[in-house]
1. Kindly state, to the nearest 0.05, the FRET efficiency for Asp633 paired with Ser475, given R0 = 25 Å and r defined as their beta-carbon distance.
2. Ranked from highest to lowest mean number of other Cβ atoms within 10 Å per residue, what is the order of the peptides 617-625, 490-498?
3. Are there trypsin sites (Lys or Arg not before Pro) in segment 117-216 that DSSP puts in a loop and that have at most 11 other Cβ atoms within 10 Å, and which ones?
4. Counting only other residues whose beta carbon sits under 12 Å from that of Met542, what net charge do I get with K and R as +1, D and E as -1?
5. Do you know the relative contact order of the chain, to the nearest whole percent, from alpha carbon pairs under 8 angstrom that are 6+ apart?
6. What number do you get for segment 392-505 when its Cα radius of gyration is normalised by 2.2 N^0.38 Å, N = residues?
7. Would you list, by chain and number, the lysines whose Cα falls below 16 Å from the Cα of Lys194, excluding same-chain residues fewer than 8 positions away?
8. To the nearest 20 debye, what charge dipole does the chain have about its Cα centre, counting +1 at the Cβ of each Lys and Arg and -1 at the Cβ of each Asp and Glu?
Amino acid sequence: MNIKKLVPLGLIVVLTLNANAQKSLPITINADKVTAQVKPTMWGVFFEDINLGADGGLYAELIKNRSFEFTAPLMGWTVKGKKVTEGDVLVLNRQQMQATNPRYLRVNVKSATDKADVTLTNEGFRGIGIKKGLRYDFSMMYRQPETGIKMHVVLQDDKGSTVGETVLVPTQTGAEWQKQSVSFTANRTIQKGKFQIWFEGKGVIDLDMISLFPGDTWKKRPAGLRADMVQMLADMKPGFVRFPGGCIVEGRDLATRYQWKKTIGPIEDRELTINRWNTEFKHRQTSDYFQTFGLGFFEYFQMAEDIGAEALPILNCGMACQFNTAEVVPLEELGPYVQDALDLVEFANGDVTTTWGKKRAEMGHPAPFNLKMMGVGNENWGPQYLERLAIFTKALKDKYPQIKLINSSGTDPNGARFDLLNSAHRKANADLIDEHYYRAPEWFFNNATRYDSYDKNGPKIFAGEYAAQSKEIASPINQNNWKTAIAEAAFMTGLERNADVVNMASYAPLFAHTDGWQWTPDMIWVDNQQVYGTPNYYVQKMYSLYKGTNVVDIKLGNKIIAGQDSLYASAVVDHKTNELIIKIVNASNKPQMHDVQVRSSKKLPVTGIMTSISSDLAAVNSFEKSTNVIPKDERVSIKGKSIPLTLKPYSFNIVRLSLR
Ligand code: AHR
């Protein structure tokens, strides 16, 4: 093989299949030949409150239905006791006074002395995860005409034995609502515990916002997020966080659409809404799934900032989910929806003297969040979407021309709906088009070249939701197995190779609770105590950590590598770390030996690092075996201009070497 003849200049990596040496064409990488820039936003995360993603998941509140606003006001609660008689515990509704949080509980305690007299028990979301030695912060809103009641606040195991407890004596009296808090420590670890208040003394007390948070929230923020879940995202160093979804943006009807203004400000004023996934799937009904918005838009912006990611909010465009009611707002009534979008830019970026910037400052963040982009509509389609999008676009571009707008191309990556939107967005010179693909692994392998033929001067692509489905879309028996993950890894070489077209990408959905999911597959699984990454998580993480800054040319013979010999490959250099980063998928069931020869204008080291995942295709991770399919590092030697590589069967490999 005469390498000089093939590519005379620059860094050249030649990979030869030793097993099949005569037949194989050379693989060459020209690291001096930059073909595209990789945007810092390239690999991000898609968050939606699905599968108990927020309430019962990322939002660390442990009390379910803390403000009695679920459709059934006492869902999650049990009222019991020897001294509880008819009318002693009432749900009151002050709709006229406080429409956003109308219900509260009135408890009439008639001389209680024992823990069996008057009790309120909360079951948590799927039980309460309790950790030995951890502090728990209890708080409540209350009012009482006079003192006389003592409250025993208790964490229990599933049999009712105490795991931690304290006493709170409400001290304030009068008609005004007060907040009082107390903390205590748990003495055992329990997977599915519960929470109880038992009353002592005598009197009448009104209760609302009965709340319990663990002391180990993300950044130790009071009433914050689950640290282990945020950490999984932080570890990926994602370029952006898309929120709050997903179909949840649309709502099943317009009344239950996501309205960001209702998710900011004092927690007790954030109006609860039913979660659209509550009733979506007959086979996975989740009757206790609501949105309290304790994780609201401020918290989303803050989390994105914490983990160094750009915030990407997606807003309702005046259309409810077209799979459900398909309600649309008349065009002449779209004004408030558009105003919400304009106000969101002010909330995120406005000076503290502006109406919405002031609200952000009051919540503790006077500095702007520096919002740069926004999605108009989620998976909406049809001419009705285009009409509404045009109105949003005009208003947003007139006032905020620097904000990039993301346009929907519907639910599928092809077909009449896609074609209509795709051509309309191209004609309108859209900033970014959001494409979604929930498809079989084979589709991902076959579409690794999807973007090679896209117009490089046209709108950019946001691969906003994708996941290989082991069975079929949203099937309850989908698995996050290695076959799905390696298919995504292969496909992603095509996203990376075309980083001048594809500027952003995110797997979806992100989180699922093992006892409360509606949709599979999902990238990260949690229970009340633990979290684990699927093989798909590790593929996403590897791409994101080693995204590089510039795409460089990689070829098999004179062709891009997208399926020949079951290989898929892309390569980048990182101008910040001075590395060459080669991503290679071996999707065959045989090892492939490659002799890699390198020439460069820069000097090569004597060793590099190869991070690889390889497994059988059916392999999955689980709580018990969370490290079954994970990346492993090994050192590879570079002999002059040669790197001998062994690519294991069904493997995804990233080779990194320093360029000096
Ligand atoms: O990711 C799950 C759902 O799939 C999203 O809510 C929706 O946008 C898509 O159909």
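1. Once the sixth-power term is evaluated, E becomes 0.10.
2. With the highest mean Cβ count within 10 Å placed first, the list reads 490-498, 617-625.
3. Lys159
4. So the environment of Met542 carries a net charge of +2.
5. Over the chain, the number comes to 16 percent.
6. Segment 392-505 yields a ratio of 1.15.
7. Lys64, Lys80, Lys115, Lys131, Lys132, Lys159
8. The dipole of the chain has a size of about 2160 debye.
Each value in this text was obtained by applying a stated rule to the coordinates, not by laboratory testing. Please read all numbers here as calculations on a predicted model, not as lab measurements. Note: ideal-geometry Cβ built from the backbone for every residue, glycine included; neighbour counts use all protein chains shown.
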